[in-house]
Amino acid sequence: MIFEYIKSLHIIFVVTWFAGLFYIVRLFIYQTEALAKPENERSILKPQLDLMAKRLWYIITWPSALLTLIFGFWVLSYRWSWLELGFMQAKLGFVFLLYAYHLFCHILFKELQNGKTRWTSNQLRIWNEASTLLLFAIVFLIVLKSTLDMIWGLVGLIGLALILMISIRLYKKYRTNNE
């Protein structure tokens, strides 16, 4: 019975971690756009957005990432044999990429807190979709537990990536036409 509680906590912290990752990059977009505004607007927007990002990053996203890891290892401790299965190896590979994504977001977070940006808001919109793709890959792998289904899932993932890229371009065109 304790296994089910641990697994539930793992899933809850995965959800809150992804919520933080999705929203932090959205805040990066707003911070980047605020830095391009005239000084009178920037002086109002930047401190507020910096505070929002700081609270989200350190109060929700980082703790959720760490608790996901703790509860994930705890769940795995009940099922060590899963490590021999292809779906679990692939899932852990995607989880590794997710932590790399998180760490790179931390670099972006620090830069933006210091008023520096090297990415455009459109590049950040594309970057934001990387976590969506990782979410799809991880969920399909853990639910389907099959390498053949994983291949079909990856084909679907590539299709999803194409749809997201087209959507981002259409949104950019829409925003440009309405400004």
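Observations, loosely collected:
- Among the residues making up segment 1-49, those that are crowded, with 20+ Cβ neighbours inside 10 Å and of a type in the set (S, T, N, Q) are 31, 32.
- Considering only residues in segment 108-162 that are farther than 23 Å from residue 92 by Cβ and among the hydrophobic types (A, V, I, L, M, F, W, C), the one that is surrounded by the fewest Cβ atoms within 10 Å (Cβ to Cβ) turns out to be 162.
- Residue match in segment 171-179 (condition: surrounded by 15 or more Cβ atoms within 10 Å (Cβ to Cβ) and free of Cβ contacts under 8 Å to residues at least 60 places away in the same chain): no
- Residue match in segment 115-135 (condition: part of a helix (DSSP H, G or I), under 26 Å from residue 54 (Cβ atoms), charged (D, E, K, R) and modelled with pLDDT of 95 or more): no
- Residue 61 being more than 15 Å from the chain's Cα centre (by Cα), modelled with pLDDT of 95 or more, of a type in the set (Val, Ile, Thr) and surrounded by 19 or more Cβ atoms within 10 Å (Cβ to Cβ): no
- Residue among 109, 96 that alone is within 20 Å of residue 136 (Cα to Cα), within 14 Å of the chain's Cα centre (by Cα), of a type outside the set (Ser, Thr, Tyr) and part of a helix (DSSP H, G or I): 96
- Residue that is closer than 26 Å to residue 9 by Cα, free of Cβ contacts under 8 Å to residues at least 24 places away in the same chain and not aromatic (Phe, Trp, Tyr), where the choices are 66, 49, 45: 66
- Test: residue in segment 167-174 that is under 12 Å from the mean Cα position of the chain (by Cα), under 21 Å from residue 18 (Cβ atoms), of a type in the set (S, T, N, Q) and modelled with pLDDT under 90: no
The values are calculated or read from the model by the stated rules, or taken from the named source; none is laboratory data. What you see is a predicted model; the values in this text were computed from it and never measured. Don't worry about glycine lacking a Cβ; one is built from the backbone with ideal geometry, like all the others, and counts go over all protein chains shown.
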